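Right, one structure below, let's go through it.
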Amino acid sequence: MAAIQLRRLDRADKKAVEFQVVIQDITARKKAEIALQDAKAALEKVNQQLRVAALEARNKRGRSQAQTAASSARANFWPT
């Protein structure tokens, strides 16, 4: 890939005009940009998976605590 810049340079006497052309190879920059976008997408996917896993862990812990409380209540209600 290349980036092309073109500039017109006017002389003070207005008789002579020059043009300046700069051609720059931006292949490496574009490849790095694409790699960065891919890495960002992968990290966003992993973050979403972590959010789901954390929510599931919280729900599981909540159920476990509720079961413990229910077992304790049963033990207090029906002594062995």
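The values are calculated or read from the model by the stated rules, or taken from the named source; none is laboratory data. Because the structure is a prediction, the values reported are computed rather than measured. Cβ: placed from backbone, ideal geometry, glycine included. Neighbour counts: every protein chain shown.
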Restricting to region 1-30, count the residues that are within 30 Å of the chain's Cα centre (by Cα) and among the β-branched types (Val, Ile, Thr).
2
Residue that is modelled with the highest pLDDT [pool: residues in region 1-21 that are among the aliphatic types (A, V, I, L, M) and surrounded by 10 or more Cβ atoms within 10 Å (Cβ to Cβ)]:
Ala3
Acidic (Asp, Glu), farther than 30 Å from Met1 by Cα, modelled with pLDDT of 85 or more and within 28 Å of the chain's Cα centre (by Cα): which single residue out of Glu44, Glu56, Glu33 fits that description?
Glu56
Does Leu50 satisfy the condition of being at pLDDT below 95 and aliphatic (A, V, I, L, M)?
yes
